[in-house]
1. Considering only DSSP states other than H, G, I, E and B, which trypsin sites (Lys or Arg not before Pro) in the stretch C:19-96 qualify as loop sites with at most 12 other Cβ atoms within 10 Å?
2. Please compute the per residue accessible area over the stretch A:29-94 with all protein chains in place, 1.4 Å probe, rounded to a whole number of Å².
3. Any chance you could give the angle, 0 to 90 degrees and rounded to 10, that helix C:169-185 forms with the longest Cα principal axis of chain C?
4. Once you have a ≥ b ≥ c as the square roots of the Cα gyration tensor eigenvalues for the protein assembly as shown, tell me rounded if a/c is under 1.5, and otherwise prolate or oblate according to whether a/b is larger than b/c.
5. Of the accessible area of chain A, with the probe set at 1.4 angstrom, what percent is carbon plus sulfur?
6. Which value, in Å² rounded to 10, gives the accessible area of B:Thr167 with a 1.4 Å probe and all protein chains present?
7. Ignoring any ligand, DNA or RNA, what whole percent of the accessible area of the stretch B:173-256 comes from carbon and sulfur when the probe is 1.4 angstrom?
8. If one takes the longest principal axis of the Cα atoms in chain A, at what angle in degrees, from 0 to 90 and to the nearest 10, does the Cα axis of helix A:41-59 lie?
Amino acid sequence: MTLSLYLEVLLQGILTGLVYGLMALGLSVIFGVVRVVNFAHGEFAVLAMYAAFVLFTALHVDPILAAIPVAALFFVIGWLLQRFVVQPFIVRPQHDQFILLVGLAIVLVNALLMIFGPDSRHTNLSYSYDSWFIGPIIVDKVRAYAAAAAVVVSAALFAFFRFTLLGTAIRACADNLTGAAVVGLDVKKLYALTFGLGLACAGAAGAIMVALTDVTPMLAPSFTLLAFTIVIVGGLGSMAGALLGGLLIGVVEALASILVEPSMKSMVSFALLVGVLAFRPQGLVGKPA
Amino acid sequence: MIAELFAGVSTRARVLLVLLAVVMLAAPLVLDRYLVSVLILVCLAAYTGQAWNILLGFAGLLSLGHALYLGLAAYISAGLYVHFGIGPWLGVFPAVAVCVAVAALLGWLAFRFRIEGVYFALLTIAFAEVARIGFDHIGFTGGAGGFFLPVRSEDQGQWWNLRSGPTFFYYLALLLAAGAFLLCAVLRRSRLGHRWLAVREDPEAAQALGIHINRARMSALLLSAGMTGIAGVFQAFYANNLFPSQIFDISRSIDLILAPIIGGVGTLFGPILGAFVLAPLGEVLISITGAIGLNAPGTKALVFGLFLMAIIAGVPTGLWPRLASLLRLRSVGR
Amino acid sequence: MTLLAVNRVTKRFRGLVAVDNVSLQVDAGAMFAVIGPNGAGKTTLFNLIAGVFPPDTGTISFEGERIDRAAPEHICQLGIARTFQIVRPFAELTVMENAAIGAMLRAPDMDSSYAQAGEILRRLDLWDKRDRKAHGLTLPDRKRLEVARALATRPKLLLLDEVMAGLRPTETDRMVEILRGINREESITILMIEHVMRAVMALATRVHVLHHGATIAEGTPTEVTRDARVIESYLGAEAFA
């Protein structure tokens, strides 16, 4: 194997990892603020993949552009979900929250199975097989566009939390819940907003992802696990950690698929997860508890 | 010891318990093959539910990867039988031993750094996933293509190899379910059981009372894993086929936990009640959806998912405490 | 005879000195009180003795044996039981089960654990509430349960972290009476953190005063309340507050 092949795979991993990172960012934001672990995260991402797939087949909308309407729709779904389903569970034990969302995950994946069947679906973009040459390295055009879109969405989210009043209010909620309530922040509203933003990330990432891989309902649980792995490796609740974790897992899986065997790539990321849990439970970016 | 268990149990509850035992024992004499097979599912779900309940209901640890132990023990006992002719009554020992060893590894990783709650649940899923992907690549047990136990007519009636008819499997499953129930009833009153409950409620407070948190958690994990392993051996010889994508799948792990959650986590009778509700419900759903031409497994899982959400939202303590007060029983559950 | 010896113990949290070179000796049979304003390091001192975390420097010995690196469960097994300032009952278990879990540390079997738990609940006026779940108790009852559970482990030394806080004067007097009984009849040594001076004056044989993590005085209750530094830093400050 040549060096250029490695570089190519490395770059591929980075580009895919950015999309993974966006998906994991949603999970991280929800956990960081609402303190609820969205066990249905991957299921929502796959739902978004199907939404983008339908938009593409019916209206020929490019999946990467479809990320915008899909994210908007998922924001609304997330808002409603938090407001009417998850909110009553905020004070309940963690197990109960987890089981509720496991139930939701089962419902989503089986609804998709009933509607679309178990076969994988494919979007055939006009530029699917186009690529650029950077020296000896081949870069897939579609992967580059997908990664760019993921970066734009992530940057927008960072800017929202950093520079807007609402974003600051949400961060205040995450840091000190009682304090936030005392100064008169509407915590329920901010939670709904955050859950909406988190699902919007999953929605955007899912729509973008459909340009890169085939979609089947069976992908959902593995995406949930992927998002968890990324977030834990990066550091639960840290936005930068989620993106870094995404990059790392993207690269690790890409390298594993040429070094080991493609079907065993997720084993390598689980090994990474176990390693992080065993030796640095706070994640790569997180502070020790 | 059994008599001691019934101390403090109302006469009403005793009568109902004896009635249930008689009905279950007599069931195969009157029911047809199909209904017996449904009852096997009920007993098996009650058994695995009891095993999982030890971990969450008693010790407060949520495992979403119990399919790992089911699958490991199933593959090991089946592999020993097919390749070496070692029957399941002997094979169950190494199978359970491996489950316990793997659980010990998981527990060691998790408990050293106080990994609990969500993190623990994720670690259990990750272990099960590693096994699923791993067994896809183990040619010795068929890999992704599945592993099949020979079903030969000349083997029939070899109960010592679990090559027997449904009635035999039924009584075996009933024995497992009843045994697990009695074991949990004994444990609930034992020192160990009280240690688990204390750690479940408040680990630091338990520690201040002289309880070793990690030992308590580890003992619950090992017992739960070993018990689930026995169900795996049963599963292998009952179903006669094993696929990594099924037996190690997260959906299998979730199947294992439905009965205790619906019946009532932490109660002794919850897993049994949950199993009685779920298995027949599943069968009814499959026959209805099959008749109207929907995707049957999908519909069943979808309805179960909704059911799970409804129970956890509406009756978070599960159905058993409700039913117990309806029947005016007090101390069977707790 | 010295039961507990804390010798020049220091504990820092992120540069902040929570306990600063504190030494104290608790004699067997004593009723020893540690007082001081909020943030004086009292609970940190308790957590050091109970083994929640080890001291940065200094030693802690119990019956002549070093315990400053021992785990909490080990320390309890040696005969030191503690209550938590913010009560931590086993919420979903009954009052009786709570106490029995404490008692099973030394009882030969569960039946005798429950029998011992029953005796202790009677002593703490909780017998009538034995079948209630702990989360349904009022705060004074939870404080009593906290003491009952610790006492059930049959300790030689009982660490009480503000068990009087939140009690009404009559309830305080009752608790004083109970603790005195435990100390005299069971000859259990008591080390308590207490804000309620009424209880300290009634109970303590010796008082140790902490301020900003350091010792500023030790003596009998009367000596300590006359100490100028104590009045200035603690009693005075409270009086002006």
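The values are calculated or read from the model by the stated rules, or taken from the named source; none is laboratory data. It should be emphasised that the depicted structure is a prediction, and the values quoted were computed from it without experimental measurement. Heads up, the Cβs are rebuilt from the backbone with ideal geometry, glycines too, and the neighbour counts pull from every protein chain shown. The area values use the complete protein model at the heavy-atom level, side chains included, leaving out ligands, DNA and RNA. Shrake-Rupley method; radii C 1.70, N 1.55, O 1.52, S 1.80 Å.
1. Here the trypsin sites (Lys or Arg not before Pro) that fit, given the DSSP loop and packing criteria, are C:Arg69.
2. Numbers: 2650 Å² over 66 residues.
I get 40 Å² per residue for this part.
3. The angle comes out near 80 degrees.
4. The shape class here is oblate.
5. Taking all protein chains in place, chain A shows 70 percent carbon and sulfur surface.
6. Number for this one is 70 Å².
7. Working: 1480 of 2500 Å².
Result for the stretch B:173-256: 59 percent of the exposed heavy-atom area is carbon or sulfur.
8. Around 60 degrees separate the two axes.
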